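The values are calculated or read from the model by the stated rules, or taken from the named source; none is laboratory data. Just so it is clear, the model here is predicted, and its values are computed rather than measured. So basically every Cβ, Gly included, is an ideal-geometry build from the backbone, and we count neighbours across all protein chains shown.
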Amino acid sequence: MPSARPAVAPLLEVRDVHVAYDAGVRALQGVSLRVQPGEVVALIGANGAGKTTLLKSIAGLVQPQAGAITFAGHSIGAIDAPDRVRLGVALVPEGRRLFSRLSVAENLTLGSFTNGEPGHRREMLERIHALFPVLRERAHQRAGTLSGGEAQMLAIARALMSRPRFLMLDEPSLGIMPRLVDQVMDSLRRLHETEGLTMFLVEQNVPAALDLADRGYVLQTGRVVLEGRSAELRDSDLVRKAYLGM
């Protein structure tokens, strides 16, 4: 009888994480979740549910008061944000946060700060221009003059310049035209299919998020209240009523 396959360890594991801000607001209250290598996982929730706080905690921009965050089997709670990027964690922040006065090319160069070797930059630029051809055309244009969709592509590309193992995206469809939402989501799908990149996606456009994701979690007032495969979440009463308007 063949032996059972060993369980694959999660790439990311969040265990009982609590975050409270200075005013005493409890943003996360015992959040636990896992993301396996090669998965796309969606995080669904209303404004103020704690989604952005969770991403910032994983990225090292917010310090939890309790709990543990493990990446690739190693605790990263005491590791600074730049060193988490070097380990393979990248965040595309809400609102994009581009350097608006710098060119597209300069923004991409800053995204490779963890590896300034020219060969690395050339290789990553080739991959990014294949994924987002418009960024080659706009290379010398100031980032602040891009359309919303082009700016979002640049924000994603800047994060990819660090060659992450784990890409977090905070509201990638926010503030862009519907047809460009489809284009951005298709680009993420191609990135996942061709490179197997693990992604953790926060997205108010719940149908688009569940179409892209393998699994998802629902966050309410700082707590995970539901998890499951995308099809299961799409069919759940909670998601249908609260997020799909059905």
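Yes or no: ALA130 farther than 27 Å from PHE71 by Cα, at pLDDT 85 or above and aliphatic (A, V, I, L, M)? When the stated conditions are applied, ALA130 passes them.
Candidates VAL92, VAL17, VAL85: the one that is in contact with a Phe, Trp or Tyr (Cβ under 9 Å, 6 or more places away or on another chain), touching a residue at least 24 places away in the same chain (Cβ under 8 Å), crowded, with 17+ Cβ neighbours inside 10 Å and hydrophobic (A, V, I, L, M, F, W, C) is VAL85. Take the conditions at pLDDT 90 or above, of a type outside the set (Phe, Trp, Tyr) and more than 19 Å from the chain's Cα centre (by Cα) and apply them to ARG158. Does it pass? Judged against the criteria, ARG158 is not a match. For segment 54-82, the set of residues classified as more than 17 Å from the chain's Cα centre (by Cα) and either surrounded by fewer than 16 Cβ atoms within 10 Å (Cβ to Cβ) or touching a residue at least 24 places away in the same chain (Cβ under 8 Å) (or both) consists of GLN63, PRO64, GLN65, ALA66, GLY67, ALA68, GLY73, HIS74, SER75, GLY77, ALA78, ASP80, listed by residue number.
Give just the number: which of (1) touching a Phe, Trp or Tyr at 6+ places or on another chain (Cβ under 8 Å); (2) over 30 Å from GLN65 (Cα atoms) does ILE176 not satisfy? Looking at each condition in turn, ILE176 falls short on (1). ASP237 passes every criterion in (1) in contact (Cβ under 8 Å) with a residue 40 or more places away in the chain; (2) farther than 23 Å from SER57 by Cβ; (3) not basic (Lys, Arg) apart from (1). When ALA143 is tested against (1) modelled with pLDDT of 90 or more; (2) buried (at least 21 other Cβ atoms within 10 Å of the Cβ); (3) hydrophobic (A, V, I, L, M, F, W, C), exactly one condition is not met: (1).
Within segment 106-133, take every residue that is among the hydrophobic types (A, V, I, L, M, F, W, C) and buried (at least 16 other Cβ atoms within 10 Å of the Cβ) and give me the one that is farthest from LEU154 (Cα to Cα). Selected residue: MET124. Against the criterion of being over 30 Å from VAL239 (Cα atoms) and either acidic (Asp, Glu) or under 16 Å from the mean Cα position of the chain (by Cα) (or both), VAL85 qualifies. The set of residues in segment 129-172 being assigned to a loop (DSSP other than H, G, I, E, B) and free of Cβ contacts under 8 Å to residues at least 60 places away in the same chain consists of PHE132, ARG138, ALA139, HIS140, GLN141, LEU146, SER147, MET161.
Take the residues of segment 196-232 that are of a type in the set (Gly, Ala, Ser), touching a residue at least 60 places away in the same chain (Cβ under 8 Å) and over 22 Å from ALA159 (Cβ atoms): which is surrounded by the most Cβ atoms within 10 Å (Cβ to Cβ)? If we take residues in segment 196-232 being of a type in the set (Gly, Ala, Ser), touching a residue at least 60 places away in the same chain (Cβ under 8 Å) and over 22 Å from ALA159 (Cβ atoms), then GLY222 is surrounded by the most Cβ atoms within 10 Å (Cβ to Cβ). Flag: ARG136 does not match the condition of being more than 25 Å from ALA81 (Cβ to Cβ) and modelled with pLDDT under 90.
Of the residues GLU150, GLU94, GLU117, GLU126, the single one that is farther than 23 Å from GLU195 by Cβ and among the acidic types (Asp, Glu) is GLU94.
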